[in-house]
Every structure is written in C-alpha cells, then in structure tokens.
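Working notes, beginning with the structure itself.
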Amino acid sequence: MSLKIYNPSNNELIKEIPTDNSETLAHKYELLKNGVQEFQKTSVRDRILMMSKFSDLLRKNKEHLARVLSDEMGKPYSEALGEVKGAAVKIQFFLQESEKYLTKKKVNHDGGTEEFISYEPLGIIANISAWNYPYLVGVNIFVPALICGNGVFYKPSEYSTLTGIEIEKLLFQAGFPPEVFKLAIGGAEVGEELLNMPLDGYFFTGSYKTGKHIATKVAPKLVPVGLELGGKDPLYVTNKVSSIKDVAASAVSGAFYNNGQSCCSVERIYVHDEVYDEFLEEFLKEVENLKVGNPFDKNITQGAISRKEHLSFLEEQVSDALSKGAKLETGGKVISGPGNFFEPTVFTNVNHEMRIMTEETFGPIIGIQRVTNDDEALVHMNDTDYGLTASVFTSEKGRAEKLMKKLDAGTCYLNCCDRVSGYTPWAGRKNSGLGATLSFHGLYVFTKTKAWHFRQNM
Ligand code: NAD
C-alpha cells in the first residue's frame, strides 16, 4: 500500500510513499522495545542535551522545513517559518525545567522513615498527530515523552507525513537512537493498527470523533490516554476597550490565521451592543486586507485549505447559515481551482441555531453576534460542547477576571487570543480533550510515579 501526498495549492502529486502495515509495525515495535531499555539508562540531562540539539537543528533548517510544510499542507511560507521557529521556542520550557521536575524528591520524613517520589517513563507511547501545526502539536507530545525516557511511535497525519519524516531525520541527527523513535506512515488504518498494539500510552491530537474512538478502544488496556481535540472558541469584545481597531485586528488574526485551521482559532465573536457597529466596520476593513493565494507568494496572507473534502463542509456551513437568516457580509464561496481555496467569510445576524456558531468550522468562516451585557455574552460563550480556549477583550481587568472565572475553558485570554505557551498547561475541557500537555503537567503525563519509603536502622 502507498500514500499519495498532494499539494493542496495546486492538487499536484508531490510524492507517493509506502505505508506501514501490521508486519512492518510489529517489526518497529520490537526495535522500540529493545531500544527503550538502553535509552532508559541515559540521564535526563543527556536527553535534554539531545533535545537541545534538535531545537538548534529546527532553527538551522527552518527554510527547508518550512518549504516542505507549505508544500504539503498549504499554509503561507511565512507562517510555516513562524511555526518551525515557534516550535524551537516552545521546546525551551522542557530544556530548562525538565531536570528539576523529573528528579527524585524527598517529600516527607515520618519518624525513622524517609519518603520520596520518583518519576519513571511509561515505556513506548503512541503519538497520533494532526496536520494543521505538525511541529507545534508534535512537540507537545514527542519532546517531553523522549525527555522522560519513553520510546515513541509517531504517526504523522496523512496530510503532513513529509514533515513527520523531516522530524525523524532531525531527531536522529540530534543524537536520539533510531530505536527510540519510529514513524507509523499511513492514514486511519495505520492509526487503528497502533490501537491494537500493546503500547504503554496513547496521546492523540485530532478531531473529537477520532479521539473518542481512540479513548474507547484503548480503555481496556488501562494505560494513560491524552486527547487534544477540537474547539469552538469564543471571543467577547466588551464596551470598554481602548482601541476598537486593535481589537478588530487581533480578532481577525485569531479567526483567519492558518485559514482558521487551528484548534484554538477564534470560531465565534460576541460584541457588546455599544461598540458593535464600530467593531464590525473595523473588522471588515481588516478582512479586506486578507489575500488568498499561492503560499509562496509574499503578498498573500491565506494559503490553501489542506483537505480538499473540507471545501464542501465549509459550503454546507455557509448554506445552513444563509437558510436560517444570517447576513453574509463578505466571502462565502470556494475560489475556483486548481488548488483548494476558500474566501475569508464573515456572517452577522447569527445565532446558536446555526452550525457556524456551534460546530467546529476549522476554516476561514466567522460569525459575529451582538450582545447587550456580560451575562448574555457569558451564556453564549459557555453554550458549547467544547472548552478549549476563550478570550475577553476589555480595558477593565477586574471585569475580565470575573468572566474568566466563569468560563468553562482550559485556557482563558485577556486582550489576546490564539496563543499557546510552553509554560502553561494546554488542556481542553468537555469535547476539547482529556488531560494536559505543556508545562510541568505535560511532563508528568509521560511518567509513572513511584513512592519510596526508606526506613533506617533495622
Ligand atoms: P483526525 O481526527 O481526522 O486525524 C488525526 C489523526 O488521527 C491522523 O493522524 C489520522 O490519520 C488519525 N486517525 C484517524 N482515524 C483513526 C483511527 N480510527 N484510529 C487511529 N488513528 C486515526 O483530525 P485532523 O483532521 O488531523 O485534525 C483536525 C482536528 O484536530 C480539529 O478538530 C482540530 O481542532 C484538532 N486539533 C486539536 C489540537 C489541540 O491541541 N487541542 C491541535 C491541533 C488540532
């Protein structure tokens, strides 16, 4: 079997590569099993040094890596460069802090007995990944997993496999032994094979539908499962902001960066009645500046939609909104090919009966709804099956904090949106995920604890 990799900007075949199957995966698993035993004899410091080299290699090879990524996934070259550089920055947390958190700690002294906690690697974990930010979402998993001493079966998405191959090359160049990181190449069927294997943890980035399937299927194994899933992230503009123009620019970036194909893209906007008209005017002006086209053209801001079949999904959301009375302010159509392009699209007069306000769009479409006060905004913001991120824009910090406490989302932003840091946990609530990555929480998920009770003088 083989995987055909197409360029979404022109739908030309880039490459055809062989996929894995149960035999090749079983062979890789045996190699991982042996490799991991040796790997676990290395110190955390050694593994941090290797990861530091990997981070340097990302920076050194950024132009090449960004070209590969733009080609297979369709994002603007400048954004691909930003992603590779961003991944190197995100790794910093793990380089700086892992040793501190993974060192065995004395936690109590009870009479003659000393008590310690240590952290041991899980073993061999699956990292089943998504295509929209293969570097940024990958480093949430394989970076801490390797630093903790695990072997990793990395399944890149079928839409970002060439990037997965580049990641593997750089990890080996950085000094990680080939026996501790193995690629599983292919689509859903190859991911499914991994679920049948006796792995020690499953860490998944992707859709709610697949995440739920994975969690259900591997549940009887009683091994850790981490899920980073979709979102329907709201942004609220209060009536007290210092610059509506700046807020509009930030909201447009949050909604349309990477063509809206981000788990934490702004997916719906609520605006206080008192500033609604001004905000809409500024927002539409910003949207007019978006230019769709070839990812390597320096003048464009929007590249291709990565998956061809997603174009009809976006069209369905548009027709649903129109049929229920939404007002199309701009966009709304597929741009005729050869590649997969969609116009940046803005709807007003929207409500929660419409799919664009409740179902993850994962594309360049946004709905803007008018609200009259904070309580109404809060009800709408929490009216979702998802709970990844939520943003409040206001110059009144206390007011924002009151709202943020009541928002049922793993990440809350004040006067910003669509951002991730290595230092804070990344944890979706409800259908947005299970468990956390990044920060020290995102280290410990790749370990099992051991309690030590040392009684002296027997
Ligand atoms: P997807 O669920 O279609 O696929 C994700 C991965 O799962 C791919 O590698 C795919 O081959 C594999 N897969 C598919 N079916 C499988 C099965 N039955 N068994 C095992 N593996 C299987 O998702 P996608 O289209 O790649 O990604 C888009 C989704 O990911 C969006 O919902 C987005 O919000 C979400 N996402 C979330 C985060 C986050 O951090 N929360 C980050 C990026 C993307």
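State the number of residues belonging to the stretch 1-24 that are part of a helix (DSSP H, G or I) and open to solvent by 80 Å² or more (accessible area, probe 1.4 Å). Break it down into steps so the answer makes sense when it comes.
Going through the stretch 1-24, the residues part of a helix (DSSP H, G or I) turn out to be 22-24.
When the remaining residues are screened for being open to solvent by 80 Å² or more (accessible area, probe 1.4 Å), the result is 23.
Result for the stretch 1-24: 1.
Being near the ligand (Cβ under 10 Å from one of its atoms), assigned to a loop (DSSP other than H, G, I, E, B) and open to solvent by 10 Å² or more (accessible area, probe 1.4 Å), is that true of even one residue in the stretch 165-184?
Here is the first cut: in the stretch 165-184, the ones near the ligand (Cβ under 10 Å from one of its atoms) are 184.
Now drop any that are not assigned to a loop (DSSP other than H, G, I, E, B), which leaves 184.
Then drop every residue that is not open to solvent by 10 Å² or more (accessible area, probe 1.4 Å), which leaves none.
Within the stretch 165-184 (the criterion being near the ligand (Cβ under 10 Å from one of its atoms), assigned to a loop (DSSP other than H, G, I, E, B) and open to solvent by 10 Å² or more (accessible area, probe 1.4 Å)), the answer is no, since none of the residues qualifies.
Looking at (1) in a helix (DSSP H, G or I); (2) more than 16 Å from the ligand (Cβ to nearest atom); (3) out of contact with any Gly (no Cβ under 8 Å at 6 or more places or on another chain), find the lone condition where ALA321 falls short.
Unmet condition: (3).
Every residue, every condition in (1) assigned to a loop (DSSP other than H, G, I, E, B); (2) at pLDDT 95 or above; (3) touching a helix residue (DSSP H, G or I) at 6+ places or on another chain (Cβ under 6 Å), yes or no:
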residue	(1), (2), (3)
ARG268	no, yes, yes
TYR276	no, yes, no
PHE279	no, yes, yes
ALA304	yes, yes, no
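Can you pull out the residues in the stretch 27-38 that are touching a residue at least 24 places away in the same chain (Cβ under 8 Å) and either among the small types (Gly, Ala, Ser) or open to solvent by 50 Å² or more (accessible area, probe 1.4 Å) (or both)? Please lay out each step first, then the result.
Of the stretch 27-38, the ones touching a residue at least 24 places away in the same chain (Cβ under 8 Å) are 28-29, 31-36, 38.
Residues satisfying the conditions are LEU31, LYS33, ASN34, GLY35, GLU38.
Any residue at all in the stretch 95-118 that's hydroxyl-bearing (Ser, Thr, Tyr) and within 16 Å of the ligand (Cβ to nearest atom)?
Looking through the stretch 95-118, none of the residues is hydroxyl-bearing (Ser, Thr, Tyr) and within 16 Å of the ligand (Cβ to nearest atom).
With respect to VAL190, determine if the residue is hydrophobic (A, V, I, L, M, F, W, C), open to solvent by 10 Å² or more (accessible area, probe 1.4 Å), within 14 Å of the ligand (Cβ to nearest atom) and not assigned by TED's automatic domain parsing to the domain that holds ALA251.
On the way: hydrophobic (A, V, I, L, M, F, W, C): yes; open to solvent by 10 Å² or more (accessible area, probe 1.4 Å): no; within 14 Å of the ligand (Cβ to nearest atom): yes; not assigned by TED's automatic domain parsing to the domain that holds ALA251: yes.
No; evaluated as a whole, the condition is false for this residue.
Yes or no, residue by residue, for (1) touching a His at 6+ places or on another chain (Cβ under 9 Å); (2) open to solvent by less than 80 Å² (accessible area, probe 1.4 Å); (3) more than 16 Å from the ligand (Cβ to nearest atom):
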{"residue": "GLU396", "(1), (2), (3)": "no, yes, yes"}
{"residue": "ARG399", "(1), (2), (3)": "no, yes, yes"}
{"residue": "LEU414", "(1), (2), (3)": "no, yes, yes"}
{"residue": "ARG419", "(1), (2), (3)": "no, no, no"}
{"residue": "ALA427", "(1), (2), (3)": "yes, yes, no"}
{"residue": "SER432", "(1), (2), (3)": "no, yes, no"}
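Test GLY211 against the stated conditions and say whether it is assigned to a loop (DSSP other than H, G, I, E, B) and open to solvent by less than 20 Å² (accessible area, probe 1.4 Å).
Criteria not met by GLY211.
Return the residue satisfying two criteria in turn: it lies in the stretch 403-412 and is farther than 27 Å from THR210 by Cβ and touching a residue at least 12 places away in the same chain (Cβ under 8 Å), and of such residues it is surrounded by the fewest Cβ atoms within 10 Å (Cβ to Cβ). Before the answer, list the steps.
Restricting attention to the stretch 403-412, the residues satisfying the condition of being farther than 27 Å from THR210 by Cβ are 403-406.
From what is left, the residues that are touching a residue at least 12 places away in the same chain (Cβ under 8 Å) are 403-404, 406.
On the way: LEU403: 20, MET404: 16, LYS406: 13.
For the stretch 403-412, the residue satisfying everything is LYS406.
Please go through the stretch 210-228 and give me each residue that is charged (D, E, K, R) and either more than 11 Å from the ligand (Cβ to nearest atom) or under 21 Å from GLY138 (Cβ atoms) (or both), ordered by number.
Once the filter is applied, which keeps residues that are charged (D, E, K, R) and either more than 11 Å from the ligand (Cβ to nearest atom) or under 21 Å from GLY138 (Cβ atoms) (or both), the stretch 210-228 yields LYS221, GLU228.
Given the options VAL225, VAL266, VAL218, name the one that is without any contact (Cβ under 8 Å) to a residue 24 or more places away in the chain, crowded, with 19+ Cβ neighbours inside 10 Å and under 22 Å from the mean Cα position of the chain (by Cα).
VAL218
In the stretch 276-333, how many residues are basic (Lys, Arg), within 25 Å of the chain's Cα centre (by Cα) and farther than 25 Å from VAL247 by Cα?
Of the residues in that region, 2 qualify.
Hey, among the residues in the stretch 229-250 that are more than 10 Å from the ligand (Cβ to nearest atom) and among the small types (Gly, Ala, Ser), which one's least open to solvent (accessible area, probe 1.4 Å)?
ALA248
Would you call PHE279 within 16 Å of the ligand (Cβ to nearest atom), aromatic (Phe, Trp, Tyr) and under 29 Å from PRO364 (Cβ atoms)?
Judged against the criteria, PHE279 is not a match.
The values are calculated or read from the model by the stated rules, or taken from the named source; none is laboratory data. Owing to the predicted nature of the structure, the values given are computational and were not obtained by experimental measurement. All Cβ positions, glycine included, derive from the backbone under ideal geometry; neighbour counts span all protein chains shown. Surface accessibility is based on the protein's heavy atoms, side chains included, excluding ligands, DNA and RNA. Shrake-Rupley method; radii C 1.70, N 1.55, O 1.52, S 1.80 Å.
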